[in-house]
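For reference, the structure is listed below as structure tokens.
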Amino acid sequence: MEEIAKAYIPGEVENEISEKWEVAEIGKAAPKSKKNVFTMMMPPANVTGALHLGHAITLTIEDVLARYQRMRGKDVLWLPGTDHAGIATQNVVEKRLLEKGLSRDDLGREMFVTKVWEWKDKYHARISEQIKKMGASCDWSREAFTLDEDRSAAVTKAFVQLYRKKLIYRDKKLVNWCPRCKTVLSDIEVEHREEEGNLYFIRYFVSATDRSICVATTRPETMLGDTAVAVNPNDPRYRDFVGKELILPIVNREISVIADERVDPKFGTGAVKITPAHDPLDAEIGRDHKLPSIVVIGPHGKMTKHAGRRFVGMPLNEARKAVVKYLDDIGNLEKIEKHTHSVGHCSRCDATIEPLESMQWFVKMKPLAAKALSLVKKKKLEFVPARFEKEFVRWLDEIRDWCVSRQLWWGHQLPVWYCKKVPEFADKRIRKKEGCQRIIVSEKPPKKCPSCKNLNITQDPDVLDTWFSSGLWPFATLGWPKSTKDFRTFYPNTVLETGYDILFFWVARMVMLGAEFTGKSPFETVYLHGLVRDERGRKMSKSLNNGIDPLEMIEKYGTDALRLSLVVGSTPGTDLKFSETKVTGQRNFVNKLWNASRYVFGVLGKNPTIAANPTPRGLPDRWILSKLNRLILETNAAFTKYSFGEAAGKIQDFVWNDFCDWYLEITKEAPNKKLLGHVLAQILRLAHPFIPFATEKLWENFFPKAKKPKLLALEKFPRPVKSRISERVEEEMKVVTAIITSIRSVRNELNVEPARKIAAIVYVGKFESFIKKQAGEIKKLARLSSLVVKKSGKKVENAVAKFEAGLEIYLPLSKLLDPKVEKKRLNADLKEAQNYLAVVEKKLANDDFTARAPKNVVEAERAKLASVQEKITKIEERIKVLG
RNA sequence: GGGUGUUUAGCUCAGUUGGUUAGAGCGUCUCGUUUACACCGAGAAGGUCGGGGGUUCGACUCCCUCAACACCCACCA
């Protein structure tokens with residue numbers, strides 16, 4: 001047999017094992033039928049940068065699931081991929097260009113997009129490597145990219161189809177504009193934050209009178225675009241102002257006072273200036289009252305010519321100051337109050353979002369959401385944890401139309417063309433006619449306008465929101481819209497696993513688009529994991545500089561340790577506090593498993609075998625089989641609940657405590673090789689989904705002579721043998737360990753050095769028969785020179801005594817025995833027992849308890865009472881003897 | 001303004017349908033016999049389970065309420 005390294009050194013093992021998996025194509029799905037498949041799509045990673053802990057937790061959980069399902073005999077498809085990540089990627093490339101003093105306009109669209117593709121290639125390669133480093137057993141042969149040919153075809157198809165069903169439309173609306181990214185954003189890409197600002201009170205005079213109305217606003221610069229002042233119709237203060245004309249200060253334009261229910265009389269002065277071009281509520285009111293809309297802020301965050309000569313070209317914050325000063329100068333600024341309100345920020349670059357009126361493309365969401373909601377109602381879609389269903393439903397209930405066009409260059413350009421006004425005719429005979437300006441939405445680029453035959457047509461320069469393409473991911477990855485074999489076999493997916501932070505961005509869109517295009521929920525179960533936070537519970541971010549690099553953790557402690565640290569102690573949907581000490585702890589565990597295996601293989605010798613059902617020889621054998629099968633039962637149960645943390649925790653607990661600390665120690669004298677091999681093999685199989693590298697490497701030791709050992713990754717996951725689980729055996733073993741632990745405890749308390757062996761006499765009552773059989777093991781683990789086991793007997797003089805339930809333990813340590821110390825020790829034991837007695841007595845003294853509680857509960861209490869009373873009696877007697 | 005989650009030992013977390021003397025790991029303290037492991041082993045200290053109220057024979061567990069923290073949603077001018 002090859003020497004097994006004294007410590008597990010991940011660096012030496014991981015590459016070798018990765019390669020073996022790759023050669024064996026363990027991740028490649030080749031199902032025989034649709035019945036047995038398990039499908040899961042990897043959330044496509046952004047090609048913006050390197051692997052972070054968010055990816056690490058995603059990959060870990062998904063790989064655990066994939067490996068578990070594979071070992072259970074499922075035909076697993078876990079499909080990897082990457083996302084072009086529109087704004088995000090464009091931003092990083094632009095930033096890079098800026099370092100060279102270049103803007104995207106300097107390069108032009110075509111050159112710029114070429115640059116982004118170069119970036120994509122580089123980072124795609126890098127992130128793929130890192131995914132492999134995590135141990136991800138996905139199917140690389142089916143890898144997809146949101147912007148590759150097939151996925152682009154799917155996007156076009158989807159867009160055109162939605163347009164034909166009138167679920168996509170073009171309209172001029174107030175949208176969220178990011179002046180830094182210079183594009184519109186959808187509503188969910190805007191992050192709202194409470195910010196301290198000012199509330200400015202401005203006085204507007206009624207035309208040709210000295211009566212006036214004071215309005216309150218947080219954005220005084222928008223007053224240049226006011227087209228009305230609104231008050232609540234039931235507000236007596238303003239009743240007779242309604243219908244009057246006001247003079248808009250600075251601009252000196254007449255605007256009228258209108259009445260609208262939506263005005264809250266309690267806020268500010270109860271009068272609102274209406275700027276339909278720059279405020280969502282104003283836009284609504286403006287629309288309903290047919291007010292004109294005057295755009296005073298342009299797309300670059302600067303004032304337009306409509307703001308007036310004095311302000312045109314001014315950046316927003318400057319314009320604000322200038323307007324305020326002007327108003328103050330002319331005496332129309334009443335006062336300024338501090339005011340906190342929520343301000344929208346770009347989720348990509350954090351710039352303040354400007355509401356801007358603009359012509360954009362929208363997806364009509366209500367009909368799509370209705371389909372998604374009905375899937376939830378029909379239980380075609382299950383959430384883990386369940387509470388996310390509520391959130392999902394609530395969001396869909398209140399859904400608003402989705403702005404999908406973006407003023408970017410990196411992404412799927414809209415399959416939309418416009419017939420230009422200035423004609424370029426195909427048919428020279430109708431030269432004089434103007435282009436009809438129609439909108440052409442088509443899968444294939446049209447050569448001419450289908451209506452007027454105009455050749456002067458141009459494609460819409462905008463691209464689609466990244467999430468539009470990722471919304472098609474569960475089926476676009478399988479070849480949709482073509483009816484491929486993959487699509488027929490693997491759709492719908494079984495599970496969708498991702499972080500809860502993209503429930504709306506991604507999950508909801510997939511469900512809606514999946515329902516629309518395939519008539520089905522794209523997956524049966526949505527499993528949502530929590531976010532990885534730092535040890536203080538803060539989000540990891542570049543600005544806080546509290547990020548931990550998973551690659552550095554892998555370098556230092558190994559992938560297995562990192563994976564465990566992300567899974568153990570985590571619950572679905574709950575954030576995870578991560579710290580390096582967790583990884584260290586898990587590294588220690590992997591090493592423990594490594595060494596326990598090293599010991600076992602040493603015992604097994606040159607021809608190790610894996611017995612399927614070895615015969616137990618004694619209590620420890622029966623006990624470890626009972627514990628093992630209980631573990632298998634519980635692990636499988638935890639997996640079906642998606643409680644991965646629980647499963648991993650239980651396996652660790654078993655390995656460390658039951659297997660290493662007790663079973664290996666207790667059987668060292670005369671190990672049962674077959675059983676040892678069996679238990680280890682089962683441990684490796686159980687642990688493999690969590691700890692793939694170390695377990696795979698250890699597994700090889702079962703086949704020292706095989707040229708190509710069978711891979712653990714392709715083994716069967718253990719099934720519990722329920723007949724091996726025995727309460728009685730576990731109880732008996734508990735008595736054995738109790739004796740050992742009690743003796744060790746006393747030794748420690750009395751400072752008996754471990755090297756010194758001592759004698760012990762134990763009276764064990766009804767446990768006599770099996771304790772006698774374990775005398776050898778007890779002697780060894782308790783460091784005894786001799787051990788006498790009897791049913792009962794005389795109290796042993798000059799001995800340290802310890803009493804447990806049904807047990808009397810005497811350690812004749814005459815030389816060491818100090819009556820004072822011994823008395824103190826016994827008194828402590830006595831006090832503890834008396835406290836417990838009080839608790840039990842109180843319970844039993846309650847007649848309601850004995851009358852109403854179930855019989856077995858009452859009996860259990862009575863048994864407790866009897867045993868603690870017996871213990872107390874013994875301790876008291878002992879104390880008396882000591883005088 | 002709505003909604004959700006969290007609150008258990010110094011720290012990170014387990015605690016199944018209500019019945020345990022409330023557990024584990026890290027950290028702390030004491031001690032080191034055993035060629036699997038010091039990335040280890042043995043032992044110990046440490047908790048009125050966020051506060052209050054209720055249901056119940058019995059509440060860490062169910063209900064109400066309050067508090068702190070975190071997050072999500074919302075057109076608070």
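The values are calculated or read from the model by the stated rules, or taken from the named source; none is laboratory data. This structure is a prediction, so every number in the text was calculated from the model and none was measured. Cβ sites come from the backbone with ideal geometry, for glycine too, and all protein chains shown count toward neighbours.
Things worth noting here:
- Meets criteria (surrounded by fewer than 16 Cβ atoms within 10 Å (Cβ to Cβ), away from RNA strand B (no atom under 14 Å from the Cβ) and not aromatic (Phe, Trp, Tyr)) for A:SER256: no
- Considering region A:159-214, and only residues there that are hydroxyl-bearing (Ser, Thr, Tyr) and within 16 Å of RNA strand B (Cβ to nearest atom), the residue that is farthest from the chain's Cα centre (by Cα) turns out to be A:TYR204.
- Looking across region A:280-292, the residues that are over 20 Å from A:CYS178 (Cα atoms), surrounded by fewer than 19 Cβ atoms within 10 Å (Cβ to Cβ) and within 16 Å of RNA strand B (Cβ to nearest atom) come down to A:GLU284, A:ARG287, A:ASP288, A:HIS289.
- Applying the condition of being of a type in the set (Val, Ile, Thr) and crowded, with 22+ Cβ neighbours inside 10 Å to region A:507-547 and asking which residue is nearest to A:LEU77 (Cα to Cα) yields A:VAL526.
- Only one of the numbered conditions (1) out of contact with any helix residue (DSSP H, G or I) (no Cβ under 9 Å at 6 or more places or on another chain); (2) within 12 Å of RNA strand B (Cβ to nearest atom); (3) under 13 Å from A:ILE285 (Cβ atoms) is violated by A:ASP235, and that is (3).
- Selected residue (criterion: nearest to A:THR340 (Cα to Cα)) from residues of region A:259-269 that are free of Cβ contacts under 8 Å to residues at least 40 places away in the same chain and more than 6 Å from RNA strand B (Cβ to nearest atom): A:LYS266
- Taking helices (runs of 4 or more DSSP H) as the structural unit, those lying wholly within region A:36-145 and holding at least 1 residues that are touching a residue at least 40 places away in the same chain (Cβ under 8 Å), basic (Lys, Arg) and within 28 Å of A:ASP462 (Cα to Cα) correspond to A:104-107, A:109-133.
- Filtered residues of region A:12-52 (kept if modelled with pLDDT under 90 and within 16 Å of RNA strand B (Cβ to nearest atom)): A:GLU12
- Residues in region A:866-883 that are touching a helix residue (DSSP H, G or I) at 6+ places or on another chain (Cβ under 9 Å) and within 10 Å of RNA strand B (Cβ to nearest atom): A:VAL868, A:LYS871.
- Scanning region A:488-506 for residues that are touching a helix residue (DSSP H, G or I) at 6+ places or on another chain (Cβ under 8 Å) and either of a type outside the set (Val, Ile, Thr) or surrounded by 24 or more Cβ atoms within 10 Å (Cβ to Cβ) (or both) yields A:TYR491, A:PRO492, A:ASN493, A:LEU496, A:GLU497, A:GLY499, A:TYR500, A:LEU503, A:PHE504, A:PHE505, A:TRP506.
- Top-ranked residue in region A:800-833 [being over 23 Å from A:ILE739 (Cβ atoms) and not basic (Lys, Arg); ranked as nearest to RNA strand B (Cβ to nearest atom)]: A:ASP818
- Annotation note: Cβ proximity below 6 Å between a residue of region A:673-689 that is touching a residue at least 40 places away in the same chain (Cβ under 8 Å) and a residue that is charged (D, E, K, R) (sequence gap 6+ or interchain) occurs for A:LEU675/A:ASP621; A:ARG685/A:GLU715; A:PRO689/A:ARG67.
- Matching entry among A:GLU841, A:GLU797, A:GLU822 (being part of a loop (DSSP other than H, G, I, E, B) and more than 28 Å from A:THR667 (Cβ to Cβ)): A:GLU797
- Candidate set from region A:575-599 (those that are over 17 Å from A:ASP658 (Cα atoms) and surrounded by 23 or more Cβ atoms within 10 Å (Cβ to Cβ)); member that is farthest from RNA strand B (Cβ to nearest atom): A:VAL583
- Pairs with Cβ under 6 Å, 6+ apart, first in region A:626-647 and under 10 Å from A:LYS722 (Cα atoms), second of a type in the set (A, V, I, L, M, F, W, C) and crowded, with 19+ Cβ neighbours inside 10 Å: A:SER626/A:VAL729
- When A:PRO481 is tested against (1) part of a helix (DSSP H, G or I); (2) out of contact with any Pro (no Cβ under 9 Å at 6 or more places or on another chain), only condition (1) is not met.
- Near pairs, Cβ below 7 angstrom, 6+ apart or cross-chain, from region A:864-881 (under 14 Å from A:ASN835 (Cα atoms) and free of Cβ contacts under 8 Å to residues at least 40 places away in the same chain) to any residue that is in a helix (DSSP H, G or I) and acidic (Asp, Glu): A:LEU865/A:GLU841
- Evaluating A:VAL295 against the criteria (1) more than 19 Å from A:GLY308 (Cβ to Cβ); (2) under 43 Å from the mean Cα position of the chain (by Cα); (3) among the β-branched types (Val, Ile, Thr); (4) more than 8 Å from RNA strand B (Cβ to nearest atom) leaves one unmet condition, (1).
- Among the residues making up region A:277-331, those that are in contact with a helix residue (DSSP H, G or I) (Cβ under 8 Å, 6 or more places away or on another chain), β-branched (Val, Ile, Thr) and not in a loop (DSSP other than H, G, I, E, B) are A:ILE297, A:VAL323, A:VAL324.
- Count - residues of region A:158-216 that are in a loop (DSSP other than H, G, I, E, B) and more than 30 Å from A:PHE517 (Cα to Cα): 9
- Failed criterion for A:PRO550 (all others in (1) more than 25 Å from the chain's Cα centre (by Cα); (2) more than 14 Å from RNA strand B (Cβ to nearest atom); (3) surrounded by 19 or more Cβ atoms within 10 Å (Cβ to Cβ) hold): (1)
- Residue within region A:345-352 that is part of a loop (DSSP other than H, G, I, E, B), among the basic types (Lys, Arg), within 16 Å of RNA strand B (Cβ to nearest atom) and surrounded by 14 or more Cβ atoms within 10 Å (Cβ to Cβ) present: yes
- Evaluation of A:ILE761 against (1) within 28 Å of A:ASN613 (Cα to Cα); (2) crowded, with 18+ Cβ neighbours inside 10 Å (one fails), failing number: (1)
- Every residue from region A:732-746 that is free of Cβ contacts under 8 Å to residues at least 60 places away in the same chain and surrounded by fewer than 20 Cβ atoms within 10 Å (Cβ to Cβ): A:LYS734, A:THR741, A:ARG744, A:SER745
Yes or no, residue by residue, for (1) surrounded by fewer than 21 Cβ atoms within 10 Å (Cβ to Cβ); (2) modelled with pLDDT of 90 or more; (3) of a type in the set (A, V, I, L, M):
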residue	(1), (2), (3)
A:PHE201	yes, yes, no
A:VAL206	yes, no, yes
A:THR209	yes, no, no
A:SER212	yes, no, no
A:GLY225	no, no, no
A:ASN234	yes, no, no
A:ARG237	yes, no, no
A:ASP240	yes, no, no
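- Looking only at residues of region A:617-676 that are away from RNA strand B (no atom under 11 Å from the Cβ) and β-branched (Val, Ile, Thr), we find that the one that is surrounded by the fewest Cβ atoms within 10 Å (Cβ to Cβ) is A:THR640.
- Residue identified as part of a helix (DSSP H, G or I) and over 20 Å from A:LYS133 (Cα atoms) among A:LYS556, A:LYS592: A:LYS592
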